[in-house]
Structures are given as structure tokens and as C-alpha cells.
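What follows is a single structure, written as C-alpha cells, with notes after it.
The values are calculated or read from the model by the stated rules, or taken from the named source; none is laboratory data. None of these values were measured; they are calculated from a predicted model. Cβ: placed from backbone, ideal geometry, glycine included. Neighbour counts: every protein chain shown. Remember, those area values only see protein heavy atoms, side chains included, never the ligands or the DNA or RNA. Shrake-Rupley method; radii C 1.70, N 1.55, O 1.52, S 1.80 Å.
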Amino acid sequence: METTKILLDEKEIPSRWYNIQADLPKPLAPPIHPGTGQPIGPQDLAPLFPMELIKQEVSAERWVEIPSEVLEVYTLWRPTPLVRAHRLEKALKTPARIYYKNESVSPPGSHKPNTAVAQAFYNKNEGVARLATETGAGQWGSALSFATKLFGLKCTVYMVRVSYDQKPYRKSMMQVWGAEVFPSPTNKTNAGRKILEGDPNSPGSLGIAISEAVEDAATHEDTKYSLGSVLNHVILHQTIVGLETKKQLEVVGEKPDILIGCIGGGSNFSGFSFPFVADKLKGQQMRVIAVEPEACPTVTKGPYRYDFGDTAETTPLLKMFTLGHTFIPPGIHAGGLRYHGMAPLVSLLCDQKIIEAVAYHQIPVFEAALTFAQAEGIVPAPETAHAIKATIDEAKRCAQTGKEKVIVFNFSGHGHFDMGAYESYFTGQLQNYEYPQEKVEEALKHVPELG
Ligand SMILES: Cc1ncc(COP(=O)(O)O)c(C=O)c1O
């Protein structure tokens, strides 16, 4: 019988994270202070982040030691399995060999605790009492609630209203781990109140919720801000995923031809793929594909330029693909992919054509989710289903050409709290949203002219 799950021993958990900043084809453009127009320094970020994370954000060291306290928590669910999707291969009648890295086995159900645990640890170490954050799909908020509880910190989560309404039990899960959760936009912050004045029924967006959490942290001495994606240190922590995957592929003697992950802010895709991108940068042949929703097609349709990370213009300006920080994406069910911007690291590698991006509508994405669940069993999160859709398309291409490619994708999370979305699909209420070109054009008018 052929192996299905490729498992590593706990002793084989990587002890270092990989920092792709050491190997980039050209350096990242620096974050810019919106007031001065100059690159920001560590002190500008100090009100929001602990110093160790700020150091990691700008570090060019190739390897960063994982603290033993973080590794100890990781062993609650890591190493995660790499699974050969035999049944999916059969269902698709493809000669391709498909593998998926199953990050859904973490307690909150996704890859997000890989960085939440690290961030909670560094904050605790520097005497912080509370973390404020945003959440879209609820996966990040759950992960940070879980991690803060383990390290004895308080946690406040601003949850995008449309997701709060779609997934009430995500809120309960965060409460299990002791967090307080508010539907964003709220009346608690200036940023939230301003949005509600313009639209009392605002569905919210990640950009708005980030503004609220940043304001909360900036106005409370004992509180710092925590971001679940986009930033370099978040991506650094997520590389544990790709480093494990590499070891697991070595066990079965495979080299990937195609790597696939979904992109919201870019963290699971990057963490999974960057240890392999390091090989690609040295000349190894492979395709690396990032998958996004057609309703929020940041990389496939947006320009590559400086923009704010949030709606209220409180963050530094980052050079990235963007649809404009005032753009509020349609309320698709992949809430974690409703972000106007993209990680600067992903943006740079896309711009340099080292990685590629594709976009899909949500109905074919849900069809792919069903194909996967009916073959492999696990019900994917709608975000993850984007990666599955691209995997299935590539595997079908192999069926046409007869090529035996090795396709590996990141299974970023399960969809057990997304049954409302599946219900919409079954009752025919799910709709595809055409690319909202006019709204994006309007939003891009508000992006500062910095190049
Ligand atoms: C399961 C899952 N996958 C993917 C994402 C997208 O985020 P990122 O691009 O940072 O991995 C999210 C975000 O909430 C998520 O919950």
C-alpha cells in the first residue's frame, strides 16, 4: 500500500525560521512614513510592536532561531502531516501526484497560530499586557486568542462585520480562549465612528478593522498591535510550514514541479512556498502559484505602488500590489482574502515574475471544495478552496498532457465554521462578483503618489 500521510517526528520540527530577505533578487523598498515621506525607523513602530518583532521585520539574517517556548507550544499540533491526495488524483484521473500540507490540524483550525504563538511570546517577553488585532474570516482572531491565553495576555479582536454575522461561532471560539470580540466598524474608535457616519450598515473590511486595532493599541500604554499577515515577521514565522514540507517531500524522494497557495495578505502562501522559492532563486525549475478571488484581485489587477495598509491611513506606506486602501471588497465568503493590499515580499516576487498569480470566482471555488471534500474528506475553508481550485485545474491539465507533475498545495484551514457559506452554495444563493473596476478606480485615486 502506498503511503498517504508523511509524518515527521516531534524531534524533527525545524528549529529555525527562514528569512527570504537574505536571498531576494533585489531589496524590498522601505516602508515610508506618511507624514515625512521618509523611510520609517524602528522607533516609529515601537508604539505598535515589541522590539524583537521590529528587528525581525527588517532583518536580513537568513535563519532566525525559534525560541524554545514557541517550539514547545508548536508541539501541540506540529509537525503537521503532508498528505498524498490519492483519492483526489483518482477522482481527477490525473497522472499528477498531488500532496497537501495540512495546516488545518492546529487547535484554531488554520496556519495562523504559527505566527500568533510567536507574536504572543515576544510581546509577553517585553511586558505587554494586551494585544489588539483585526480578523476577517475569524481564523486569525481565533489563533491570537488561543496564543494570548497560553502566554497569559489579554486580547481584543475587531472582527469584520460581514464575517461576524456569517460566522457567529468563531466569536464564541475566541471567547473560549478569553478574548473580547467586537464587530467592526465599531463605535469604540475614531476610525470606526467615521466609517459608520458615512455608512451605518457598513459590512466592514480588513482595512477598517486594522485601523481600529491600531488605534486601540496606539492609545493604550499597556497594549500593542498584532497583525496576522502581510508583514515580513509574520511571513518569517510561517516558514515553519514550508521547511517541514521540504523535509517531508525528501522522505518520499519528491521534488515539487508546482507549488500552490491562496493569498489574502500573503502569509500562508509565503510561509509554505518561500523555502522552495529559495531553491528556485538558485536555479531549480518550479512554478509557484498564488491564488486570489476575482472579487478582490489585488495582484492580478492592481498596480504595484506605495499604499496604506489600512483604511484610516494610520499605517506606514508599503510598496505592494493594491486595489486602494479605501476599496471595500464585495462580501465574498472567503473573508480572509478580502484585503486591498498584498505582502511586500509576495508583491516583489510577483513583480519580478518569480511567482505567478491567478484569480477565480467563488462558485467554481466552492465546486472545487466539494470535489476535494468528497475525495479526501476534509471540508476546506473557502480561502483554502482557492488553492484547491488552482490545484485541480493544474492536475486536469496533466490529465490532458499525460505529464506526471508533482503538485503540492497548502491546505491553510478547515471550513467547519463556514457552513453558512456552504449552505449558500447548496441553496443557489452564492453569486460571483465581477471585478468591481469602477470602485477600484475610485479607490486608486486616494492612493498617495509615491511611485
Ligand atoms: C484558512 C485561511 N487561509 C488563508 C487565509 C489568508 O490569509 P494569508 O494570505 O495571510 O494566509 C486566511 C485568512 O484569514 C485563512 O483564514
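The combined condition, being of a type in the set (Asp, Glu), under 23 Å from the mean Cα position of the chain (by Cα) and outside any loop (DSSP other than H, G, I, E, B), is fulfilled by Glu57. Listed by first and then second residue, the pairs linking a residue in region 367-395 that is farther than 17 Å from Leu430 by Cα to a residue that is within 13 Å of the ligand (Cβ to nearest atom) and open to solvent by 30 Å² or more (accessible area, probe 1.4 Å), with Cβ atoms under 6 Å apart and 6 or more places separating them unless they lie on different chains, are Ala373/Val379.
The requirement of being closer than 20 Å to Lys5 by Cβ, in a helix (DSSP H, G or I) and either away from the ligand (no atom under 13 Å from the Cβ) or in contact with a Gly (Cβ under 9 Å, 6 or more places away or on another chain) (or both) is not satisfied by Thr239.
Conditions tested, residue by residue: (1) more than 13 Å from the ligand (Cβ to nearest atom); (2) part of a loop (DSSP other than H, G, I, E, B); (3) within 18 Å of the chain's Cα centre (by Cα).
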position	(1), (2), (3)
Pro200	yes, yes, no
Gly207	yes, no, yes
Ala213	yes, no, yes
Ala217	yes, no, no
Gly253	yes, yes, no
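Please verify whether Arg87 is away from the ligand (no atom under 16 Å from the Cβ), surrounded by fewer than 19 Cβ atoms within 10 Å (Cβ to Cβ) and under 30 Å from Ala395 (Cα atoms), treating the condition exactly as stated. In short, yes.
Pick from Ile208, Ile240, Ile195: which is open to solvent by 10 Å² or more (accessible area, probe 1.4 Å), β-branched (Val, Ile, Thr) and touching a residue at least 24 places away in the same chain (Cβ under 8 Å)?
Values: Ile208 fails: open to solvent by 10 Å² or more (accessible area, probe 1.4 Å); Ile240 fails: open to solvent by 10 Å² or more (accessible area, probe 1.4 Å).
Only one candidate qualifies: Ile195.
Of all residues in region 399-440, exactly one satisfies the criterion of being of a type in the set (Lys, Arg) and open to solvent by less than 90 Å² (accessible area, probe 1.4 Å), namely Lys405. Tell me whether region 60-68 contains one or more residues that are more than 23 Å from the chain's Cα centre (by Cα), open to solvent by 10 Å² or more (accessible area, probe 1.4 Å) and under 25 Å from Ala143 (Cβ atoms). Yes, region 60-68 contains at least one residue that is more than 23 Å from the chain's Cα centre (by Cα), open to solvent by 10 Å² or more (accessible area, probe 1.4 Å) and under 25 Å from Ala143 (Cβ atoms).
Given the condition of a type in the set (S, T, N, Q) and touching an Asp or Glu at 6+ places or on another chain (Cβ under 6 Å), answer yes or no: does some residue in region 325-340 qualify?
The initial filter retains those residues of region 325-340 that are of a type in the set (S, T, N, Q), namely 326.
So of that shortlist, the ones also touching an Asp or Glu at 6+ places or on another chain (Cβ under 6 Å) come out as none.
Within region 325-340, none of the residues are of a type in the set (S, T, N, Q) and touching an Asp or Glu at 6+ places or on another chain (Cβ under 6 Å).
If you check Ser163, Ser172, Ser142, Ser106 for being crowded, with 24+ Cβ neighbours inside 10 Å and farther than 30 Å from Met51 by Cα, only one passes: Ser163.
Taking the criterion of being basic (Lys, Arg) and either assigned to a loop (DSSP other than H, G, I, E, B) or open to solvent by 70 Å² or more (accessible area, probe 1.4 Å) (or both), would at least one residue in region 373-393 satisfy it? No - not one qualifying residue is present in region 373-393. Tell me yes or no: at least one residue of region 301-308 is within 16 Å of the ligand (Cβ to nearest atom), of a type outside the set (Gly, Ala, Ser) and under 19 Å from the mean Cα position of the chain (by Cα). There is no residue in region 301-308 that is within 16 Å of the ligand (Cβ to nearest atom), of a type outside the set (Gly, Ala, Ser) and under 19 Å from the mean Cα position of the chain (by Cα).
Of all positions in region 14-37, none carries a residue that is open to solvent by 30 Å² or more (accessible area, probe 1.4 Å), modelled with pLDDT under 95 and touching a His at 6+ places or on another chain (Cβ under 7 Å). Before we move on, is Lys247 in contact (Cβ under 8 Å) with a residue 12 or more places away in the chain, touching a strand residue (DSSP E or B) at 6+ places or on another chain (Cβ under 8 Å) and among the basic types (Lys, Arg)? Spelling it out, it is not the case that Lys247 is in contact (Cβ under 8 Å) with a residue 12 or more places away in the chain, touching a strand residue (DSSP E or B) at 6+ places or on another chain (Cβ under 8 Å) and among the basic types (Lys, Arg). Restricting the first member to region 1-23 and to residues that are at negative phi and part of a helix (DSSP H, G or I), and the second to residues that are β-branched (Val, Ile, Thr) and surrounded by 13 or more Cβ atoms within 10 Å (Cβ to Cβ), the beta-carbon pairs closer than 7 Å and six or more apart or on different chains are Ile20/Val277. When region 128-149 is filtered for residues that are farther than 25 Å from Ala46 by Cβ and either within 11 Å of the ligand (Cβ to nearest atom) or in contact (Cβ under 8 Å) with a residue 60 or more places away in the chain (or both), the ones remaining, listed by number, are Gly136, Ala137, Gly138, Gln139, Ser142.
Can you pull out every residue in region 260-312 that is of a type in the set (Ser, Thr, Tyr) and farther than 22 Å from Ala209 by Cα?
Going through region 260-312, the residues of a type in the set (Ser, Thr, Tyr) turn out to be 267, 270, 273, 298, 300, 304, 306, 311.
Ser270, Ser273, Thr300, Tyr304 - these are the residues of region 260-312 that are of a type in the set (Ser, Thr, Tyr) and farther than 22 Å from Ala209 by Cα.
Answer yes or no as to whether Gln43 is assigned to a helix (DSSP H, G or I), open to solvent by less than 80 Å² (accessible area, probe 1.4 Å) and of a type in the set (S, T, N, Q). So Gln43 does not fit the description; no.
Of all the criteria given as (1) within 16 Å of the ligand (Cβ to nearest atom); (2) touching a residue at least 60 places away in the same chain (Cβ under 8 Å); (3) on the phi < 0 side of the Ramachandran plot, the one not satisfied by Gly266 is (3). Looking for something within 12 Å of the ligand (Cβ to nearest atom) and over 27 Å from Ile40 (Cβ atoms) - is there at least one such residue anywhere in region 316-331? Within region 316-331, none of the residues are within 12 Å of the ligand (Cβ to nearest atom) and over 27 Å from Ile40 (Cβ atoms).
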